[in-house]
Amino acid sequence: MAIYYHSSSHIFTLDTKNTTYQMKVDDYGFLLHLYYGARITGSMDYLLTYMDRGFSGNPADAGGDRTYSMDALPQEYPTMGTGDYRSTALVIHNGDGSDCCDLRYVSHEIRAGKYDLKGLPAVYAGEEEAQTLEILLEDHVSGVRVQLLYGVLEAEDIITRSVKITNLGSEDVIVEKAAGACLDFLAGSYDLLSFYGRHAMERSFQRREIAHGSFSIGSRRGTSSHQYNPAVIIADRAATEDRGACYGMMFVYSGSFLFEAEKDQFDQTRVMMGLQRDLLHYTLERGEVLTVPETVLCYSDRGFGELSGHYHRCIRNHICRGKYGQALRPVLLNSWEAVYFDFDGDKICKLAADAASLGIDMVVMDDGWFGKREDDNSGLGDWQVNEKKLGCTLGDLIRRINRLGVKFGIWIEPEMISEDSELYREHPDWAIQIPGRKPVHGRNQLVLDFSRAEIREHIFRQICSVLDQGNVEYVKWDMNRSISDFYSQERSAGKVTHDYVLGVYEFLERLIERYPDMLIEGCSGGGGRFDAGMLYYTPQIWCSDNTDALDRLKIQYGTSFFYPASSVGAHVSAVPNHQTGRSVSLHTRGVVAMAGGGFGYELDPDQMTEAEKEEVREQVRAYKKYAQLTLTGDYYRLSSPFDDVYTAWMFVSADGGSALVSAVMTMQSSNLNMPVSYVRLKGLKRDALYEDKESGRCYYGNALMEAGLPLPAELGEYLSYQIALTERL
Ligand code: GLA
């Protein structure tokens, strides 16, 4: 049993293996937050203090008690209109013109298994693995009901939260703001770790103090975005990679989001994750429900490394679905950086033949195979195979490729429409745009209104008729612009931003139902929609359009705080790199790409020398040898690409018996006289003896973890090093 309700004190306790979460219904029916952190015993309501505080109002129920104020008490789901002047989780505009929602406890239910959310991605678990707590709150005046949902995965130290808002009143209400999870901390000083970036440089690491005032990150782009990832860590100011208390909040959502952190007048801290309020204006008619997507919470008192491990396991085992949630992934050769739009069927077959000779499993025909699409200015929406360009049918092409012993994959961008397309000429009203205004362009394309079922249906049929033409074993689902001009013919603009995302999810669900064995790789100009929501449908995501190995170290480092290596699409590309102009050895490019479970190549093998081809064969063999470890092992960050002269990471198998350590030297002043870098390993069995089969040398786990390994002296700038360790039994 992970969830307990103590009926005389009205306290709910949610226990996981190492953590406790506690809340209480107080005498007035308010749901107060008591505690979240390391596992404890007993009631934590002794933490609550009451004082007469100037300018912090008191609810009428408190009568003359001036010490009771929502402005100071920690709450589970704070709302606007109760005298709490901090940023609140819920803002409701009522039919009578007021902005108020006063939620009081009605009832609760504890049940086996984990709740699911209709139409939304969410953590899943077996009946035995999880429990659900549902608490019903109500505003008695407006009739707005709020169900707070908690999923407890005891063994995983994971607690999930979601919220359902239902209008049971007689008038329409408008949800102006809705968070899915709020955490109030009574004490402590915290840092916020967040992951910012831009196209081709996603998820850079940032650490800053949560100071007085409020700070937010989020997206208004209709996708989770390259700019800010919807996952953050709230850490004790002294916490590090290996030590100290930290909390994770990961939003399982792919649309516009808002995370807020606020330190208030009493030095209390409030953090919230939810839907982006700037775009939300969600009308609920009587009986209508808005479900706020799920937030996955986790606490560790052993630093960020352990927190990441929990999220990796949660995503791999409780978010990613289907065969490729666990199965080994094919090694890909993607046509994009190899030939861009300049190909025909023969060229794709040549890539496939080269792939076969290199041991690569699959060729992916990227953008340019459909409609009129010779560059990125036209054709989106016309999902008919351009047989003239290919010189054959898609079916024939796939058969030719399969005969070479190579699998076939294809690129699609279903959510988009080019103004220069047959679809647009027929249905200009299908694009998201505001009547009477010229729409904002992004990559010279517009976005289809995926909140509308008929539009999704049309595109779904077209895409299926392409996929049904042959043995398509992989799809890269792209999304290459941010959404603007929010407007829909079918619903108010304040609904379209969220309903669009629900439409994308519905489409993806239908696709995976119809093609259960197909691997879908998510993509949005690289990692512009790299989030746990997408991972529910696509177990791997193209991590970035930046394939430069050095930049990838930073991008993959930031990504690793929440997302497992199995979710990271990473390819070896040609040099000089097409995005940065930098040249890095093929060995290093391979080592860096092997940090991702979705390994592949993005170059024209025809341009490689025989020696390079031989090296690629060796790389592919190495990837396959370690794939199981990369996809299912524990991942450890051993240094930071932002602070250290080398970047190192390692994978350790679940039983601790084997490990793969990788390191890349990123800064070097002189190869002749450099200080030696010692990399301390993690996650090994302390007393086990490990052998490096290549050198024959043996080391004890405790030595490698305490004193580390010296990186070879000949390790010059951008050079890399990989060592596989196996326990000697
Ligand atoms: C996006 C993707 C690339 C490639 C192009 C094709 O930028 O991230 O990998 O597929 O689109 O247009």
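The values are calculated or read from the model by the stated rules, or taken from the named source; none is laboratory data. From a predicted model like this one, the values you see are computed outputs, not experimental measurements. Glycine also receives a Cβ, built like all others from the backbone with ideal geometry; neighbour counts cover every protein chain displayed. These area figures cover heavy atoms from the full protein model, side chains too; ligands, DNA and RNA do not enter into them. Shrake-Rupley method; radii C 1.70, N 1.55, O 1.52, S 1.80 Å.
Residues in the stretch 313-342 that are within 16 Å of the ligand (Cβ to nearest atom) and either free of Cβ contacts under 8 Å to residues at least 40 places away in the same chain or more than 17 Å from TRP411 (Cβ to Cβ) (or both): SER335, TYR340, PHE341, ASP342. Can you find a residue that is more than 16 Å from the ligand (Cβ to nearest atom), surrounded by fewer than 22 Cβ atoms within 10 Å (Cβ to Cβ) and either at negative phi or among the aromatic types (Phe, Trp, Tyr) (or both) anywhere in the stretch 521-533? Within the stretch 521-533, not a single residue is more than 16 Å from the ligand (Cβ to nearest atom), surrounded by fewer than 22 Cβ atoms within 10 Å (Cβ to Cβ) and either at negative phi or among the aromatic types (Phe, Trp, Tyr) (or both). Filtered by the rule that a residue be over 11 Å from ASP449 (Cα atoms), open to solvent by 10 Å² or more (accessible area, probe 1.4 Å) and either over 19 Å from the mean Cα position of the chain (by Cα) or of a type in the set (S, T, N, Q) (or both), the stretch 495-511 gives LYS495, ARG510. When you scan the stretch 202-211, do you find a residue that is surrounded by 23 or more Cβ atoms within 10 Å (Cβ to Cβ) and in contact (Cβ under 8 Å) with a residue 12 or more places away in the chain, even just one? Yes.
Quick one: would you say GLY596 is closer than 14 Å to LYS476 by Cβ, within 16 Å of the ligand (Cβ to nearest atom) and either open to solvent by less than 10 Å² (accessible area, probe 1.4 Å) or not in a loop (DSSP other than H, G, I, E, B) (or both)? Here the answer is no, as GLY596 does not meet what is asked.
Among residues of the stretch 517-543 that are of a type in the set (Val, Ile, Thr), those with a Cβ under 7 angstrom from a residue that is part of a loop (DSSP other than H, G, I, E, B) and within 11 Å of the ligand (Cβ to nearest atom), sequence gap 6+ or separate chain, pair up as ILE541/CYS523. A count restricted to the stretch 599-615 and to residues that are touching a Leu at 6+ places or on another chain (Cβ under 7 Å) and surrounded by 23 or more Cβ atoms within 10 Å (Cβ to Cβ) stands at 2. Residues of the stretch 157-190 that are of a type in the set (Asp, Glu) and surrounded by fewer than 21 Cβ atoms within 10 Å (Cβ to Cβ): GLU171, ASP172, GLU176. A count restricted to the stretch 462-481 and to residues that are open to solvent by 20 Å² or more (accessible area, probe 1.4 Å), within 28 Å of the chain's Cα centre (by Cα) and under 27 Å from VAL496 (Cβ atoms) stands at 2.
Residue count for the stretch 234-253 satisfying the condition of being under 13 Å from PHE185 (Cβ atoms), assigned to a strand (DSSP E or B) and open to solvent by less than 40 Å² (accessible area, probe 1.4 Å): 5.
Against the definition (in contact with a strand residue (DSSP E or B) (Cβ under 7 Å, 6 or more places away or on another chain), under 25 Å from VAL568 (Cα atoms) and more than 12 Å from the ligand (Cβ to nearest atom)), how does ALA352 come out, yes or no? Spelling it out, ALA352 is indeed in contact with a strand residue (DSSP E or B) (Cβ under 7 Å, 6 or more places away or on another chain), under 25 Å from VAL568 (Cα atoms) and more than 12 Å from the ligand (Cβ to nearest atom). Which residues, counting only those in the stretch 422-453, are small (Gly, Ala, Ser) and either within 15 Å of the ligand (Cβ to nearest atom) or open to solvent by 50 Å² or more (accessible area, probe 1.4 Å) (or both)? Passing the criteria: GLY436, GLY442, ALA453.
Against the conditions (1) closer than 20 Å to SER465 by Cβ; (2) more than 16 Å from the ligand (Cβ to nearest atom); (3) assigned to a loop (DSSP other than H, G, I, E, B), LYS372 satisfies every one except (2). SER566 meets the conditions (1) within 16 Å of the ligand (Cβ to nearest atom); (2) over 30 Å from THR283 (Cα atoms); (3) among the polar types (S, T, N, Q); (4) crowded, with 24+ Cβ neighbours inside 10 Å in every case but one. The failed one is (1). Applying the condition of being touching a helix residue (DSSP H, G or I) at 6+ places or on another chain (Cβ under 6 Å) and either in a helix (DSSP H, G or I) or open to solvent by less than 20 Å² (accessible area, probe 1.4 Å) (or both) to the stretch 380-391 and asking which residue is nearest to GLU602 (Cα to Cα) yields LEU390. Note on the stretch 1-25: residues that are under 21 Å from CYS298 (Cα atoms) and either in a loop (DSSP other than H, G, I, E, B) or open to solvent by less than 60 Å² (accessible area, probe 1.4 Å) (or both) total 17. Against the test of being open to solvent by 50 Å² or more (accessible area, probe 1.4 Å) and among the aromatic types (Phe, Trp, Tyr), the options TYR68, TYR28 yield a single qualifying residue, TYR28.
When ARG316 is tested against (1) touching a strand residue (DSSP E or B) at 6+ places or on another chain (Cβ under 9 Å); (2) over 24 Å from ALA211 (Cβ atoms), only condition (1) is not met.
Based on this model, can you work out whether VAL620 counts as of a type in the set (Val, Ile, Thr), more than 23 Å from GLY409 (Cα to Cα) and at pLDDT 95 or above? No; evaluated as a whole, the condition is false for this residue. Being surrounded by 14 or more Cβ atoms within 10 Å (Cβ to Cβ), over 32 Å from the mean Cα position of the chain (by Cα) and either under 20 Å from GLY528 (Cβ atoms) or of a type in the set (A, V, I, L, M) (or both), is that true of even one residue in the stretch 402-411? Yes, some residue in the stretch 402-411 is surrounded by 14 or more Cβ atoms within 10 Å (Cβ to Cβ), over 32 Å from the mean Cα position of the chain (by Cα) and either under 20 Å from GLY528 (Cβ atoms) or of a type in the set (A, V, I, L, M) (or both). Selection of first residues in the stretch 465-491 that are free of Cβ contacts under 8 Å to residues at least 40 places away in the same chain and charged (D, E, K, R) and of second residues that are within 16 Å of the ligand (Cβ to nearest atom) and not in a loop (DSSP other than H, G, I, E, B), restricted to Cβ pairs under 9 Å at least 6 apart or on distinct chains, gives an empty result. Scanning the stretch 177-194 for residues that are in contact with a helix residue (DSSP H, G or I) (Cβ under 9 Å, 6 or more places away or on another chain), more than 22 Å from PRO121 (Cβ to Cβ) and in a strand (DSSP E or B) yields a total of 1. When the stretch 574-593 is filtered for residues that are crowded, with 24+ Cβ neighbours inside 10 Å and within 16 Å of the ligand (Cβ to nearest atom), only ALA593 remains. Failed condition for ILE360, given (1) assigned to a loop (DSSP other than H, G, I, E, B); (2) within 16 Å of the ligand (Cβ to nearest atom); (3) open to solvent by less than 10 Å² (accessible area, probe 1.4 Å), with all others met? Status for ILE360: all satisfied but (2).
Here ASN377 meets the list (1) away from the ligand (no atom under 16 Å from the Cβ); (2) in contact (Cβ under 8 Å) with a residue 60 or more places away in the chain; (3) open to solvent by 40 Å² or more (accessible area, probe 1.4 Å) almost entirely, failing just condition (1). For the stretch 259-296, a residue qualifies if it is of a type in the set (A, V, I, L, M) and open to solvent by 20 Å² or more (accessible area, probe 1.4 Å), and the qualifying residues are LEU279, VAL289.
When the stretch 255-280 is examined, which residues are found to be of a type in the set (D, E, K, R), over 22 Å from the mean Cα position of the chain (by Cα) and in a strand (DSSP E or B)? The answer is GLU262, LYS263, ARG270.
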